[in-house]
């Protein structure tokens, strides 16, 4: 790269990622092939519209690649229709709402402090300004309570029920949700649609290791990074041909102009990788590593959520008398990256929190083993218990764990 000022920070970031332990569960490492597609000549092509129906000429090649991405997404998630143009998961949610409900309609989603997303009705998001969001809580055990959901459906009579979460460490019964919505719709005065934002668990779904919401929901959105290991972007899926038309119009021309065809090409490559048999093995390793870490935390006396997917929640306030922010900063100082997170019933503010959210999608991509996942839990506990940690010494322990892992710039799947 000729721009030395910018290259300097590329080099620092490459060093940080290679020498650190990445435990933010919404992050992952795309392959060299995915990054190559994202940096391809397709970045120079404007292609407003859809394959075969563009507003610009010279689109034969981007049409072919976008069709590959669509076909692979449909095969990966066993659905009939896919829109691969959303620039992000938030953009996908914005368009999905527009396709399925009207401004001012009522949306029933999980309470935000229990693991919802900004676009699920946060007062600082467009979602709360455009729609009337009401919320269902988790049960006292921190798990979804399907009887409570059924009661909330009847109480609020929503136009849309929204599932899919950013900090929920357990399995989700989409089939049960569909059944409860159907029971509600049988006597409701307003028809309730079912939408799932599967961004966090999309890779687990693609691998066939949990329920597929495409079998039950009217509309499904996702990011393409996280557990899918693709570029940063979004997708929208459905099995309803009429909804598919509305989704396409909601993306273009309603919310977006020209699609990022270089990112769509990277999505196509990612979906191709995810369709390989090896991907299921990778996801199983993610689940095994996350479970091993959770078990080790509990063995060491920590208060932890348990896990049935790629993430766990560590209560650092009860375990170490630290806020999530304090714990995050202590770990980051030694090369372990996590993020503070609200817990069910949290008394602290979102800027402080009582917990950390920890996931193993990224470290597993580099080669983390179950043994190392347990070592990582041990190291985290040592750092957080230490009132005056020797950061240099702990950094050496981090380097010892990561020394056998693959270089983040050379990964290919």
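Here, each number is a calculation from the coordinates, and none is a lab measurement. The model shown is predicted, which means the values in this text are computed figures rather than measured ones. In this analysis, Cβ positions are derived from the backbone assuming ideal geometry, glycine residues included, and neighbour counts consider all displayed protein chains.
Here are the numbers for the structure shown:
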item: Among beta bridges that DSSP assigns inside the chain, antiparallel share in %, nearest 5; result: 55 percent
item: Ranked list, fewest to most other Cβ atoms within 10 Å of each Cβ, for 34, 134; result: 134, 34
item: Simple spin-label estimate for residue 298 and residue 333 in nanometres, 7 Å along Cα-Cβ; result: 3.1 nm
item: Centroid-to-centroid separation of the range 304-329 and the range 132-187 [C-alpha atoms, Å]; result: 25 Å
item: Per-residue Cβ neighbour rank within 10 angstrom, fewest leading, 294, 141; result: 141, 294
item: Mean Cβ neighbour count within 10 Å, used as a protection proxy, ranking 120-130, 376-386, 79-89 highest first; result: 79-89, 376-386, 120-130
item: Computed helical MRE - 222 nm, the chain, DSSP H runs ≥ 4 contributing -39500 (n - 2.57), nearest 500; result: -13500 deg cm²/dmol
item: For the range 199-247 versus the range 83-118, the gap between their alpha-carbon centres in whole angstrom; result: 13 Å
item: Highest-first arrangement of 269-276, 8-15, where packing means the average Cβ count within 10 Å; result: 269-276, 8-15
item: Likely footprinting exposure, 155, 295, fewest C-beta neighbours within 10 Å first; result: 155, 295
item: Sorted peptide list for 230-237, 360-367, 60-67, 392-399, criterion being average Cβ within 10 angstrom, highest first; result: 230-237, 360-367, 60-67, 392-399
item: Cα gyration tensor shape of the range 279-402, rounded if a/c is under 1.5, else prolate or oblate by comparing a/b with b/c; result: oblate
item: Label-point gap, in nm, between residue 33 and residue 209 - each point 7 angstrom along Cα→Cβ; result: 2.0 nm
item: FRET E, pair residue 6, residue 347, Förster distance 35 Å, beta-carbon r, rounded to 0.05; result: 0.25
item: Fluctuation leader among 371, 325, 246 - the chain, Gaussian network, Cα springs under 10 angstrom; result: 371
